[in-house]
1. Read through the list (1) within 10 Å of DNA strand B (Cβ to nearest atom); (2) buried (at least 18 other Cβ atoms within 10 Å of the Cβ), then give the number of the only condition that A:Glu126 fails.
2. Look at segment A:271-294 and say how many of its residues are more than 24 Å from A:Ile316 (Cβ to Cβ) and more than 8 Å from DNA strand C (Cβ to nearest atom).
3. Within segment A:177-193, can one find any residue that is touching a Cys at 6+ places or on another chain (Cβ under 6 Å) and farther than 16 Å from A:Phe397 by Cβ?
4. Would you please name the residue that is nearest to A:Ala136 (Cα to Cα), looking only at residues in segment A:98-117 that are over 31 Å from the mean Cα position of the chain (by Cα) and outside any loop (DSSP other than H, G, I, E, B)?
5. Would you check if there is a residue in segment A:64-73 being of a type in the set (Asp, Glu), farther than 23 Å from A:Gly119 by Cβ and either modelled with pLDDT of 95 or more or not in a helix (DSSP H, G or I) (or both)?
6. If A:Ser181 meets every condition in (1) under 28 Å from A:Ala354 (Cα atoms); (2) without any contact (Cβ under 8 Å) to a residue 12 or more places away in the chain; (3) out of contact with any Ser or Thr (no Cβ under 8 Å at 6 or more places or on another chain); (4) within 16 Å of DNA strand C (Cβ to nearest atom) apart from one, which number is that one?
7. Surrounded by fewer than 14 Cβ atoms within 10 Å (Cβ to Cβ) and either assigned to a helix (DSSP H, G or I) or touching a residue at least 40 places away in the same chain (Cβ under 8 Å) (or both): does that describe A:Lys269?
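The values are calculated or read from the model by the stated rules, or taken from the named source; none is laboratory data. All values reported here derive from a predicted model rather than from experimental measurement. Note that we place each Cβ from the backbone using ideal geometry, even for glycine, and neighbour counts take in every protein chain shown.
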Amino acid sequence: MRRDDPMTAVGQRADAALRLHMLLKARLVREHMSAFYETIERPLAPVVAAMEDAGVKVDRAALAELSRDFALRIAELERTIWRDVGSEFNIGSPKQLGDVLFEKLQLPGGKKGKTGAYGTDAGILETLAPLHPVPAQVLEWRQLTKLKSTYADALGQEIDSQTGRVHTSFALAATATGRLSSSEPNIQNIPIRTEEGRKIRHAFVAEPGHLLLSADYSQIELRLAAHVADVAELKQAFQAGHDIHALTASEVFGVPLDRMDPQTRRRAKAINFGIIYGISAFGLGNQIGVPQGEAAAFIRAYFERFPGIRAYMEKIKAEARSAGFVETIFGRKCFIPGIRDANPMRRAGAERQAINAPLQGSAADIIKRAMGRLPAALTAAGLKACMLLQVHDELLFETPEDEVEATARLVKEVMETACAPRCELSVPLVVETGWARSWDEAH
DNA sequence: ACTATCACG
DNA sequence: ACGTACGTGATAGTA
């Protein structure tokens, strides 16, 4: 474009967008991704735009009260920690904390990382907790400062003073697997796992006369693993609605189902997570607190019971090596850049990505497909529900109180049949729904 | 700008 | 011997 071209700035932008469109469309055709794009991605854009525009109501006063409560408890913990250490220091400085724990208090632990700093993350502090009161106090201090700074304070600043709502930005093409991401503020990492954290989630509420409806896929990635690896026993367990972690525990550890204990089931659950992540003995051992050798034995036992899973992992790694990418059930390509790396460690990391990406990515395809269909389905049913948020395997709606049950039934149906008719699964998808005035109670 | 940490699925 | 669980984003400290 010449500088003296009479075209306006707006016209130049439109021209650039048109050229970019032609370029990208040609690439979609060349790579046979047009149908995928038109089915999954393009219908999603207006849906996500409407979600961003709608926002979600957050109780500013509740967050402010939490902030004050957290501040008091943080200050008290700070005094206790300083007293037990015998000096004042910045607890939020990993450097100073490392010096305190491993030099001043002489707790056992080593340097690590290329920076030569002491590690002080939650796993390490948990290991040290039986030896001294300070590590557990620091863990609680960290939890409360996280909740205060990231959620009670920063999230509170994002609330629109007119509407009382927060409006996130969803990125549709930011991740390697096809998931959405959320930022400014990120509403895909709102606390839920601890009682204190749930107090934050409790501040996400419905307008008067309305309810928040949550619908989430149950164990979707594990179901997809059973499907793509074609493991008869796992598929049957999902078809029968059995407890999959208990079944895994029974098979791997030889404990009869009617005598299953929580500890054994918890280990099996960690193994199942490991399968989705592209399991390693180090990672599993670290997660469940057993030596790497013991974890390796668990993995061997698992593969003996479910040889189809191992076969699938070998197949998908070979596919990634030859093509440089793996595919989801709807045909999305997930590129695996390090798969031919000469460095064994980096290559192993890429192999875990190759195992995980089709599972995480297929789950992303499925929920995107459901999201693309839901607005029209709701309208056709005469329901006024508004889709607000997506958190990877969960959708959150705001509905008039008297429509919530009908909406829940419709949403569940659309989500559970999201694969049809293009790619039928050999395992059922199950969606659980719940509703309440607040997001935490809707679960 | 980078690192460590931690919130979520 | 090495040193890793998969995918994100926000905050505070460090340099």
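1. Among (1) within 10 Å of DNA strand B (Cβ to nearest atom); (2) buried (at least 18 other Cβ atoms within 10 Å of the Cβ), the lone unmet condition for A:Glu126 is (2).
2. Count: 5.
3. Yes - at least one qualifying residue is present in segment A:177-193.
4. For segment A:98-117, the residue satisfying everything is A:Leu101.
5. Yes, there is a match, as at least one residue in segment A:64-73 is of a type in the set (Asp, Glu), farther than 23 Å from A:Gly119 by Cβ and either modelled with pLDDT of 95 or more or not in a helix (DSSP H, G or I) (or both).
6. Exception for A:Ser181: condition (3).
7. Values: surrounded by fewer than 14 Cβ atoms within 10 Å (Cβ to Cβ): no; either assigned to a helix (DSSP H, G or I) or touching a residue at least 40 places away in the same chain (Cβ under 8 Å) (or both): yes.
Here the answer is no, as A:Lys269 does not meet what is asked.
Here's the yes/no breakdown for (1) more than 16 Å from DNA strand C (Cβ to nearest atom); (2) touching a residue at least 60 places away in the same chain (Cβ under 8 Å):
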residue: A:Asn189; (1), (2): no, no
residue: A:Thr194; (1), (2): no, no
residue: A:Ser218; (1), (2): yes, yes
residue: A:Ala237; (1), (2): yes, no
